[in-house]
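In what follows, a single structure is set out as structure tokens and then discussed.
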């Protein structure tokens, strides 16, 4: 029973990662600033919790990166704009 619970939490965490990635796709495909990326601030912290409950470091780290993705992309975007 305990093993099935871990798999469930890890699966939910991976789903949160995929939803977080999917919220960024419209911005890159259509090159227009859709606000769906804001959902990463709500969905991916839940994924961090699910990864913790499932004892999966990879899922937790991936969700942390997705939660901070706005700041990471803003940093790299500013660097690219500064150099080019």
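The values are calculated or read from the model by the stated rules, or taken from the named source; none is laboratory data. Here the structure is a predicted model, which is why all the values come from computation and not from measurement. Cβ placement follows ideal geometry from the backbone for every residue including glycine, while neighbour counts extend to all protein chains displayed.
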Restricting attention to the range 15-50, the residues that are farther than 16 Å from residue 69 by Cβ and within 16 Å of the chain's Cα centre (by Cα) number exactly 3
Within the range 69-84, the count of residues that are out of contact with any helix residue (DSSP H, G or I) (no Cβ under 7 Å at 6 or more places or on another chain) and surrounded by 14 or more Cβ atoms within 10 Å (Cβ to Cβ) comes to 1
Of the residues in the range 75-84, those that are under 27 Å from residue 45 (Cβ atoms) and modelled with pLDDT of 90 or more come to 75, 76, 78, 79
